[in-house]
Amino acid sequence: MHGLMMDAPLLISGILEYAAKYHRDTEIVSRNEDSSLNRYGYAEAAQRTRKLANALSRLNVTAGDRISTLAWNNHRHFEMYFGVPGVGLVLHTVNPRLFPEQLVFILNDAQSRYLFADACFAPLVKGLRPHLPQLRGVVFMCDRAHMPEGFPDALCYEDLLAPESDLYDWPQFDERMASGMCYTSGTTGNPKGVLYSHRSTVLHAMGVNQPGLFGIAPGECVLPVVPMFHVNAWCVPYAAAQVGAKLVLPGPRLDGPGLLEVIHGEKVSIGAGVPTIWLNLLNHADQAGQSIAPMSRVVIGGAACPQTLIERFNAHKALTVHAWGMTETSPLGSISVLSDHHGSLPPAERMKLQLKQGRAPFGIEMRISGPDGKPLPWDGVSRGELEVRGPWIASGYYNNADRSQFTADGWFRTGDISTIDAEGFMNIVDRSKDVIKSGGEWISSIELENVAMSHPAVLEAAVIARADSRWSERPRYLIVLREGKTLSGPELKAFIAPHVASWWIPEDMIIVKELPHTGTGKVMKAALREQYGAEVHPEAVKLTL
Ligand code: AMP
């Protein structure tokens, strides 16, 4: 027997209309490219988003088409977050820091119809445009005065909105329709598209808002430093609107002084971002002898949270909330929030728990599986691949039949190796993929290895992640030389520099006699990291003099 309750679809447009109705004047503050601040309330944000919806309906698109963005965290991007899915299109947020070839692949694979870009990305758009045959137009997210030159056909965001009505009847449709799209980093093979639905997004936003998780409450002020092109900025724009919390969008200014200015000026109470961003902020605040108050809660994820970061936030009387997630998990998969009874633990024990990635929130199930696919015990010691399932976990990839990341019984295989203790605290101990996560961005060890291995003096090269107090991780070369050959640090750097992004170039290398291999010929990275992964190593040779 079915229950006799109304079946109202969970749609993203409903979140904004809720905020506009009940939190009209609560502000969304956004930093423009010229560093000035844009400020309006949810009611005005909704009016402009309805104008955008009318404008989108006039573009050459049909329901379900992908609309891509190349944009920082700003108010126009916020309007796109609601307007695009609201009319039944799919918001495809693209990471402008990717290589042009990856961007071309992603935009073509997504069959993007329109590209909405911040004006500062005009040079990037210029390079991409000839390679995007399916694209019907480019819209720069600025006013007429700031339109980049050299784009006679490009549309202007503010010109699109200007003539439109601020009334719009949001269509009601099946909550399982696609709302957003984000590509994984694709360090092995091509990036893969994760396709969020209205239902998964609304449930996820409600999930992160639970007290004891992100717990965003009305009256709070939230600063998502995590980019809006990365997993819906951890859903913070949706979660904030859902409770009518003030939102501060920092634009392109993610440096310590820029962040501290808005934290003080806008009275930010909760922030969300990767460890590196927070280290920059704390370094600046401590050097300047300034407090980070009133920010008193900081959500940290995307990479493991180092102990020093928790300690430094403690010194500022700010609570760190360590979370784990992936593009495929919307992203919240687990969160390390302590319970009352942990209060009686010695500080060192509490710290150990905070350093873990934590427990799954209600809605998400997790388990660890051994190499034979059998579930492992929750004893805090057994290590296995972490698998998750739930209403905001991907069930497949867009336009990709590969099911290797899904188990036969329908769980998502994360590729992260972890333990789970008796209380359910999950701890990532390794990654089955060997990418290096530096400052929240991926560096592919394979690409760096391939370049080095084409040097005539190099017999074999491996790249591992070494610890780094600023960037979390940095790549380090381990090089086996050909017999009778020598190689200096600067020689290696000069050789690889033309082939990779400058921030990928490792700071140092270690010359080794040989690399350990598995039975199937793969380099044993875990063993190498254990031996050579410390930030400072006596045998490390700098790549610059
Ligand atoms: P992405 O899909 O780019 O967000 O990357 C997801 C990956 O980041 C995960 O599979 C983990 O390897 C890593 N990750 C995310 N959060 C954490 C965390 N709190 N601790 C350790 N690794 C993390």
Looking across region 327-342 at residues that are open to solvent by 10 Å² or more (accessible area, probe 1.4 Å) and more than 18 Å from the chain's Cα centre (by Cα), the single one that is farthest from residue 215 (Cα to Cα) is 341
For region 343-355, the count of residues that are open to solvent by 30 Å² or more (accessible area, probe 1.4 Å) and either hydrophobic (A, V, I, L, M, F, W, C) or within 19 Å of the chain's Cα centre (by Cα) (or both) equals 3
When every residue in region 137-155 that is under 28 Å from the mean Cα position of the chain (by Cα) and closer than 21 Å to residue 65 by Cβ is compared, the one surrounded by the fewest Cβ atoms within 10 Å (Cβ to Cβ) is 137
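Is region 227-244 home to any residue that is farther than 23 Å from residue 441 by Cα and touching a Pro at 6+ places or on another chain (Cβ under 6 Å)? Outline the logic, then answer.
Looking only at region 227-244, we keep the residues that are farther than 23 Å from residue 441 by Cα, and these are 238-244.
Next cut, touching a Pro at 6+ places or on another chain (Cβ under 6 Å) only: 243-244.
Within region 227-244 (the criterion being farther than 23 Å from residue 441 by Cα and touching a Pro at 6+ places or on another chain (Cβ under 6 Å)), the answer is yes, since at least one residue qualifies.
Where in region 247-326 are the helices (runs of 4 or more DSSP H), entirely inside, with at least 3 residues that are at pLDDT below 95, surrounded by fewer than 24 Cβ atoms within 10 Å (Cβ to Cβ) and in the same structural domain as residue 78 (by TED's automatic domain parsing)?
Working: elements: 256-266, 275-287, 307-315.
In region 247-326, the matching helices (runs of 4 or more DSSP H) lie at 275-287, 307-315.
Any residue at all in region 80-99 that is open to solvent by 10 Å² or more (accessible area, probe 1.4 Å) and of a type in the set (Val, Ile, Thr)?
Step one: of region 80-99, the residues open to solvent by 10 Å² or more (accessible area, probe 1.4 Å) are 87-88, 95-99.
From what is left, the residues that are of a type in the set (Val, Ile, Thr) are 87.
Looking for residues that are open to solvent by 10 Å² or more (accessible area, probe 1.4 Å) and of a type in the set (Val, Ile, Thr), one finds at least one in region 80-99, hence yes.
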With respect to residue 233, determine if the residue is on the phi > 0 side of the Ramachandran plot and in the same structural domain as residue 76 (by TED's automatic domain parsing). yes
Of the residues in region 316-325, those that are within 16 Å of the ligand (Cβ to nearest atom) and basic (Lys, Arg) come to none
Output for Cβ contacts, cut-off 8 Å, separation at least six or different chains, first residue within 11 Å of the ligand (Cβ to nearest atom) in region 300-315, second modelled with pLDDT under 90 and charged (D, E, K, R), reads 302/437; 303/437
Query raised in the report: Would you say residue 323 is within 25 Å of residue 308 (Cβ to Cβ) and of a type in the set (Gly, Ala, Ser)?
Result: yes
* Asked: Out of curiosity, is residue 467 open to solvent by 10 Å² or more (accessible area, probe 1.4 Å) and of a type in the set (Gly, Ala, Ser)?
  -> yes
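Just for strands (runs of 3 or more DSSP E) wholly inside region 69-148: which have at least 2 residues that are within 20 Å of residue 178 (Cα to Cα), among the β-branched types (Val, Ile, Thr) and at pLDDT 95 or above? Give the steps one after another, and end with the answer.
Values: elements: 90-93, 112-117, 137-140.
Once the strands (runs of 3 or more DSSP E) in region 69-148 are filtered for at least 2 residues that are within 20 Å of residue 178 (Cα to Cα), among the β-branched types (Val, Ile, Thr) and at pLDDT 95 or above, what remains is 90-93.
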Expected single match for open to solvent by 10 Å² or more (accessible area, probe 1.4 Å), in contact with a strand residue (DSSP E or B) (Cβ under 9 Å, 6 or more places away or on another chain) and part of a strand (DSSP E or B) among 223, 213, 195 is 195
The one condition residue 28 fails out of (1) open to solvent by 10 Å² or more (accessible area, probe 1.4 Å); (2) within 24 Å of residue 226 (Cα to Cα) is (1)
Given (1) closer than 22 Å to residue 415 by Cα; (2) charged (D, E, K, R); (3) within 16 Å of the ligand (Cβ to nearest atom), residue 447 misses just (3)
Residues in region 104-127 that are out of contact with any strand residue (DSSP E or B) (no Cβ under 8 Å at 6 or more places or on another chain) and not charged (D, E, K, R) total 6
Looking across region 422-436 at residues that are modelled with pLDDT of 80 or more and of a type outside the set (Phe, Trp, Tyr), the single one that is nearest to residue 474 (Cα to Cα) is 436
*Evaluate the following for residue 400: is it within 16 Å of the ligand (Cβ to nearest atom) and open to solvent by 40 Å² or more (accessible area, probe 1.4 Å)?*
yes
**Study point:** Any chance residue 310 is hydrophobic (A, V, I, L, M, F, W, C) and touching a His at 6+ places or on another chain (Cβ under 9 Å)
**Key:** yes
Answer yes if at least one residue in region 42-57 is open to solvent by 10 Å² or more (accessible area, probe 1.4 Å) and assigned to a loop (DSSP other than H, G, I, E, B), and no otherwise. no
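The values are calculated or read from the model by the stated rules, or taken from the named source; none is laboratory data. Because the structure is a prediction, the values reported are computed rather than measured. Please note: Cβ atoms are built from the backbone with ideal geometry, for glycine as well, and neighbour counts cover all protein chains shown. Just the protein is used for accessible areas: all its heavy atoms, side chains included, with ligands, DNA and RNA removed. Shrake-Rupley method; radii C 1.70, N 1.55, O 1.52, S 1.80 Å.
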